[in-house]
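FYI, it's all coordinate maths here, none of it is from the lab. Because the structure is predicted, anything quoted here is derived from the model rather than measured. Quick reminder, even Gly has a Cβ in these numbers, built from the backbone with ideal geometry, and neighbours come from all protein chains shown.
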Amino acid sequence: MTSPLSSSPPVSGPSEAEDASVLDLAAVVPVVVVEDPAGAVPLARALVAGGLPAIEVTLRTPAALDAIRAIADEVPGAVVGAGTVITPSQVAECVAAGARFLVSPGWTDVLLEAMQASGVPFLPGVSTASEVVALLERGVREMKFFPAQAAGGTAYLRSLAGPLPQARFCPTGGIGPANAPEYLTLPNVGCVGGTWMIPADAVADGDWDRIEALAREAAALR
């Protein structure tokens, strides 16, 4: 079986982005925690305008599904996904809400089966070589490396590149503008996930211009 991300559904926007892997859409995937769904659309528009079309909305708040739905409906340039997906029922709910990809902090056989059956690309979370090998056995080659810094950071990923070159990662957790460039130089890293371009005070103030500027800086890291 091929990688679930190698046949992503067509994304809205420039034709060259169509059928691209989520790992290749931009250098950074913003990891968004939405408290108020009313702010989801202007936030997503700012991120897309700054060059970050793939947006991971985490299922950490009651507003998450409404935010995914609003972004999917109202921000045509966005490729909105759902993060912190940990149950099969969440897989179904997120896809129904319009999620274009799924991200989990870890995986089990039950969760993996649900994500594979969902029809959308997904990034199961790993933090050990054994987990990577287990996913490769199941035909999955693109994964989330989490928690990146705590699990060994760039040194660990670099050590995986030799014996497991077919695996590609989106490292997330403890990554910011200072260390993101080092991750992005690794041959087995397609992009990184982070929150630094979404400061809480900017979101609270509705300072979308600031978020767009930070997104533009993040997009330029690769």
Most mobile listed residue (172, 108, 84) in the chain, GNM with C-alpha springs under 10 Å: 108
With 5 Å bins from 0: P(r) over segment 27-217, alpha-carbon pairs, percent: 1, 9, 18, 20, 20, 16, 11, 5, 1, 0
Extension gain from residue 155 to residue 178, taking 0.36 nm per residue of separation minus the Cα-Cα distance: 6.7 nm
Amide H within-cut-off set for residue 29, under 5 Å, with H built and near neighbours excluded: 192, 193, 194
Net length gained if the chain between residue 213 and residue 185 were fully extended (0.36 nm per residue, minus Cα distance): 7.8 nm
Spin-label model distance (nm) - residue 60 vs residue 136, 7 Å beyond Cα toward Cβ: 3.1
Amide hydrogen neighbours beyond the local backbone of residue 82, cut-off 5 Å, H modeled: 57, 100, 101, 102, 103
Cβ-placed point charges (K, R +1; D, E -1), dipole of the chain about Cα centre in debye, nearest 20: 560
Estimated inter-spin distance, residue 200 and residue 73, nm [label 7 Å along Cα→Cβ]: 2.9
